[in-house]
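Read-outs throughout are calculated quantities, based only on the coordinates presented, and are distinct from any laboratory measurement. Since this is a predicted model, take the numbers as computed values, not measurements. Cβ coordinates were reconstructed from backbone atoms using ideal geometry, including for glycine residues, and neighbour counts include every protein chain displayed.
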Amino acid sequence: MEDIKSSNALIWSDRWRLGALSKAELMNIGFASVIIGMLFVLFHLFGNTVDSVNSSSAFQWMISRWQDKISFGADYSHGYLIPFVSLAVIWYKREDFFAAKKQVCYWGLAVVIGALMMHWMGAKMQQTRISLIALIGLLWGIPFYFYGWQVAKLLIFPCAYLIFCVPLNFLDALAGPLQRVATNMGYTMLTDMGIECERIGTQLLSPYFKLNVEAACSGLRSLLAMTALTAVYAYFTQKTFVKKWLLFLMSIPIAVAGNIGRIISIALVSITTGQEFGAGLHHDWSGYVLFTVAISLMVGFGKLLDLNYRELFGKWKEAYLSRS
């Protein structure tokens, strides 16, 4: 029972009861609440000027794009999870936030003004995406202004991570090239395995199966999901800035490799169990194959980056010299 009480004490303390807070702290909480409320009103009531959504809310526009099953928005169905991941990162780093030196920084005010101008420009251009990016800038710039660079530096990743919420329509142009890459690589691997196969456009034809790599199967959705997942994994597992970015950039070929593995699995299952099952039930559930391959590659490459190659070379050299 005492262990439970002690664990609860770590999560909640009497220090956070309203009666234990000082007047200045209560004023800060009230002021922060007013700012959050003003941001919500600004982007909920005056955030969207696009006619395709019957709402002036930028949040409603964004959620409708996540729910879109026809256009590129379907590739952002993971958007619901992104804010919770950002909040989890902030909670994980809470001790660093408390320990950070806090002071007013006017560079943060410049960021706030720039973000507000960006939102105005997005509304005038009827580009809600620009307004949502401006909101991310405000979420970073306001703490930067009130608390200084040390707090802002800790907020760079959780705020930047919110970009994965914003549907960026220009990424839809990647579907065509990804289709061709997946088709060409799938064809090469199948023929190298000795499987009779012919490639016509984005189709893979064989006496045993007929596969059409459509836009929905291009791997764009898995690419966006894997970049979001790899960003978090790299942030927590890699120690240096360069290694974090290396692992993050590797998410692109990793996602492509996972999609190629999915295509190969559909072809092999179609050969062994028939076209109906391979292109039917297995096709619908083959996303698990994709993410199994992709996540395995992500973890494996992360482990390779973590290795101390100088120490390994020293041990290899010592072992080699001892034998000679």
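Taken one residue at a time, the phi angles of the range 204-214 give Karplus couplings (6.51, -1.76, 1.60, θ = phi - 60°) of 10, 10, 8, x, 9, 7, 9, 10, 10, 7, 7 Hz. Gly and Pro are set to x. Distance from the C-alpha centroid of the range 35-60 to that of the range 75-131: 16 Å, rounded to the whole angstrom. Within the range 283-297, whose backbone N sits under 19 Å from a point 7 Å along Cα→Cβ of residue 210? Correct set: 283-284.
Relative to the Cα centre, the charge distribution of the range 172-311, modelled as +1 at Lys and Arg Cβ and -1 at Asp and Glu Cβ, gives a dipole magnitude of about 540 debye. Net charge of the neighbourhood of residue 157, taken over other residues with C-beta under 11 Å away and scored Lys/Arg +1, Asp/Glu -1, is +3. Backbone geometry of the range 197-203 corresponds, through the Karplus equation with coefficients 6.51, -1.76 and 1.60 at θ = phi - 60°, to 3J(HN,Hα) couplings of 7, 10, 10, 10, x, 9, 9 Hz, x marking Gly and Pro. Take every Cα pair under 8 Å whose residues are at least 6 apart in sequence, average their separation, divide by the length of the chain, and the relative contact order is 12 percent. For the range 172-311, the orientation-averaged shadow of the C-alpha convex hull comes to 9.6 nm² (one quarter of the hull surface). Full extension of the chain between residue 200 and residue 288 gives 29.0 nm of extra length, using 0.36 nm per residue less the Cα-Cα distance.
How large is the dipole of the chain about the Cα centre if only Lys and Arg carry +1 and Asp and Glu carry -1, each at its Cβ, rounded to the nearest 20 debye? Value, rounded to 20: 1040 debye.
For the pair residue 323 and residue 104, the difference between a 0.36 nm per residue extended length and the Cα-Cα distance amounts to 72.5 nm. Take every pair of alpha-carbon atoms less than 8 Å apart whose residues are at least six positions apart; their mean separation over the length of the range 172-311 yields a relative contact order of 23 percent. In the chain, the C-alpha radius of gyration followed by the widest Cα-Cα span (Dmax) gives 25.1, 78 angstrom. Stretched out straight at 0.36 nm per residue, the stretch from residue 312 to residue 149 would grow longer than its current Cα-Cα span by 54.8 nm.
Taking Cβ atoms as reference points and 12 Å as the exclusive limit, the residues near residue 87 contribute a net charge of +2, counting Lys and Arg as +1 and Asp and Glu as -1. Between residue 126 and residue 276, what's the calculated FRET efficiency when r is the beta-carbon distance and R0 is 35 Å? Round to 0.05. Here the calculated transfer efficiency is 0.15.
Ranking 201, 149, 308 by how far each Cα lies toward the positive end of the dipole of the chain (charges on Cβ) leaves 149 at the top.
Treating r as the C-beta distance of residue 40 and residue 173 and R0 as 45 Å, the FRET efficiency rounds to 0.85. A protection proxy built from the mean count of other Cβ atoms within 10 Å ranks the segments 174-186, 272-284, most packed first, as 174-186, 272-284. For the chain, hydrophobic long helices are taken as DSSP H runs at least 30 Å long by C-alpha position along their axis with mean Kyte-Doolittle hydropathy of 1.0 or more; these are 23-45, 241-273. Between residue 296 and residue 243, the modelled label-to-label distance comes to 2.4 nm, taking each label 7 Å out from Cα in the direction of the beta carbon.
Per residue, the average separation of C-alpha pairs within less than 8 Å and at least 6 apart gives the range 36-136 a relative contact order of 29 percent. Each part reduced to its alpha carbon centroid, the range 164-215 and the range 293-324 end up 34 Å apart.
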